[in-house]
Amino acid sequence: MLFAKPKKAIGIDIGTHSIKAVQRSRSGGRLRIEAAGYALVDRNQLNVDPVGTQANALREAIRNISPAQSVVVGALPGQTVVIRYPRLPEMPEDRVAAAIEKEAGQHIPYDMSEVFLDWTLLDTVTEGNNKLLKVLLVAAKHEIIDSRVQIAEAADIQYSMLTVDSLALADAAESCDFLRVGETVALVNIGLSSSSIHFVKDGISSFIRDVNWGGRELIQAIARARRVDYEQAEKLLSSIAEEEAK
């Protein structure tokens, strides 16, 4: 029996402020947005029942999006994973995996039994007379992955794959032809409680930094400057963003 290959993909972004979902398809080499959904997370219930609260928002975000025949992609927050760029001596391809797993123990601050490890070869670079393999190494603790899966399952969603938000942003930029050889691009993702900056040079991931600063601090600064409460400052920020988008 032959199974049809999914022609669409749904990307889901789960945050502490809101949940976003986008369904896209590819036709003739071009990407097309089929549907999009957005739902606020109930902040009053988030600390009481984080899984149920975010699952409810996820159901609302995908209410008008059909997961059938779609690849469903989720993302882990950057501050919950470890991302490193180790360099290894050039070696035969069949030895790379074992060498990277051995090297990972020196870069990951957890026991290897506690994490899911993934990697990809980025480039071959020359330093002096030596050729080195530049590797992108990502590790996430099992409990972090499980928490994301629990939210999806509570909303009757099953992930096809999980990535990291800063890496997903780079994939999106590449799909839109924003990443080119000869250019260095900084991709900035501002969330409510944290932000990430992903530098991409010549189309290749170069450096990622996550900081515990986000929209919440920006809203608090507006509240102090305008002498209004948090909710009013949040509305002011939204109105400014809408004006800038016009």
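The values are calculated or read from the model by the stated rules, or taken from the named source; none is laboratory data. In this text the structure is predicted, and so the values were computed from the model without any measurement. In this analysis, Cβ positions are derived from the backbone assuming ideal geometry, glycine residues included, and neighbour counts consider all displayed protein chains. SASA here: full protein model, heavy atoms, side chains in, ligands and nucleic acids out. Shrake-Rupley method; radii C 1.70, N 1.55, O 1.52, S 1.80 Å.
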Plugging the Cβ-Cβ distance of THR124 and LEU31 into 1/(1 + (r/R0)^6) at R0 = 51 Å yields, to the nearest 0.05, a FRET efficiency of 0.95
Note on region 1-129: C-alpha Rg/Rh, Kirkwood Rh, two decimals, gives 1.09
Under a 1.4 Å probe, counting only protein heavy atoms, TYR110 has an accessible area in Å², nearest 10, of 90
Share of accessible surface on carbon and sulfur in the chain, whole %, 1.4 Å probe and ligands ignored, is 50
CD proxy, 222 nm, the chain: helix-only mean residue ellipticity via -39,500 (n - 2.57) per DSSP H run with n ≥ 4, per residue, nearest 500, stands at -10000 deg cm²/dmol
With Cα coordinates, the longest principal axis of the chain makes an angle with the long axis of helix 142-154, in degrees rounded to 10, of 40
If the label point sits 7 Å along Cα→Cβ of GLN45, residues of region 4-39 with amide N under 18 Å come out as 14-20, 38-39
Under the 7 Å Cα-to-Cβ spin-label approximation, GLN220 and ALA98 lie apart by a distance in nanometres of 5.1
Checking ILE33, ILE19, ILE151 against a Gaussian network model of the chain (alpha-carbon springs below 10 Å), the top fluctuating residue turns out to be ILE33
In nanometres, the difference between 0.36 nm per residue of separation and the alpha-carbon distance of VAL188 and LEU117 is 23.1 nm
Taking the alpha-carbon centre of each part, the distance from region 183-214 to region 115-129 in Å is 19
Rounded to whole Å², per residue accessible area for the chain with a 1.4 Å probe reads 63
Most packed first (mean Cβ within 10 Å per residue), the peptides 212-218, 60-66 order as 60-66, 212-218
Here the gain from full extension of ARG63 to LEU132, 0.36 nm per residue of separation minus their alpha-carbon distance, amounts to 20.0 nm
Ranking THR53, THR163 from most to least accessible area with a 1.4 Å probe gives THR163, THR53
Among (1) 18.0; (2) 15.4; (3) 13.2, the value of mean projected area of the Cα convex hull in nm² computed for this structure carries the label (1)
Of all DSSP beta bridges with both partners in region 1-85, the antiparallel percent, nearest 5, is 75
